[in-house]
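S.K.: Pasting a structure below so you can have a look.
The values are calculated or read from the model by the stated rules, or taken from the named source; none is laboratory data. A quick note: this is a predicted structure, and the numbers were derived from the prediction, not measured. Cβ atoms come from the backbone with ideal geometry, glycine included; neighbour counts cover every protein chain shown.
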């Protein structure tokens, strides 16, 4: 009788432990989804928050906004007139560095993306609002030197985000011999389009100059980034996976 009672208690403990593990997995998955959605929202709204901040400043203090500001507009340039870039991009970078995916590579790519996102803020760009020798940014470097680091960090930032969307978000955690679900196939198509879109958006800076060229390129790239992370976060219920990824 004692053995049967002990065995029964062991089975109950296993059931309780199993239920707790399932609850923990569900909570972790929910947290991951919220992190992805938050990152996506930050990315998609950054261009417009930066532009809105610059617009408000231009109305409140028109004397500090050069005439060419809007024709040469870029998100990076708004650093000098509004804290929007620093606030939103720093938050997004911290979210990326805090994100833990399903593999070491996944974690490394998102963490590095966050690091380069922080570097974009710490090393401001050079623009007509400052001189080449003006000391700028956290480390007070000449603008011409800070600009080199800024542009390099921005390029690597978007390359990593595109790589993540094209090659990591499209992975499947299920049996490799198992056919992908319809939802997963649709999402993978969106992820690849978004990854290519990010690269294509940044490639716009290579074309002949037009008004607000850099801002438009940045906005396109960040919009595709946002869509990719929102879809990964399953903010659109129709694309939710029926099985864990």
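S.K.: Considering region 57-100 alone, what residues qualify as being within 18 Å of residue 131 (Cα to Cα) and not in a helix (DSSP H, G or I)?
M.R.: Of everything in region 57-100, those that are within 18 Å of residue 131 (Cα to Cα) and not in a helix (DSSP H, G or I) turn out to be 65, 66, 67, 68, 69, 72, 73, 74, 81.
S.K.: Here is a check on your reading of the model: is residue 114 closer than 18 Å to residue 230 by Cα and buried (at least 21 other Cβ atoms within 10 Å of the Cβ)?
M.R.: Working: closer than 18 Å to residue 230 by Cα: yes; buried (at least 21 other Cβ atoms within 10 Å of the Cβ): yes.
The answer is yes for residue 114.
S.K.: For residue 106, work out the one condition from (1) more than 18 Å from the chain's Cα centre (by Cα); (2) assigned to a helix (DSSP H, G or I); (3) modelled with pLDDT under 95 it doesn't fulfil.
M.R.: With respect to (1) more than 18 Å from the chain's Cα centre (by Cα); (2) assigned to a helix (DSSP H, G or I); (3) modelled with pLDDT under 95, residue 106 is out only on (1).
S.K.: While we're on this one: Answer yes or no: is there a residue in region 124-144 that is surrounded by 16 or more Cβ atoms within 10 Å (Cβ to Cβ), farther than 25 Å from residue 58 by Cβ and out of contact with any strand residue (DSSP E or B) (no Cβ under 9 Å at 6 or more places or on another chain).
M.R.: no
S.K.: Could you tell me whether any residue of region 115-123 is modelled with pLDDT of 95 or more and in a loop (DSSP other than H, G, I, E, B)?
M.R.: Yes, region 115-123 contains a residue that is modelled with pLDDT of 95 or more and in a loop (DSSP other than H, G, I, E, B).
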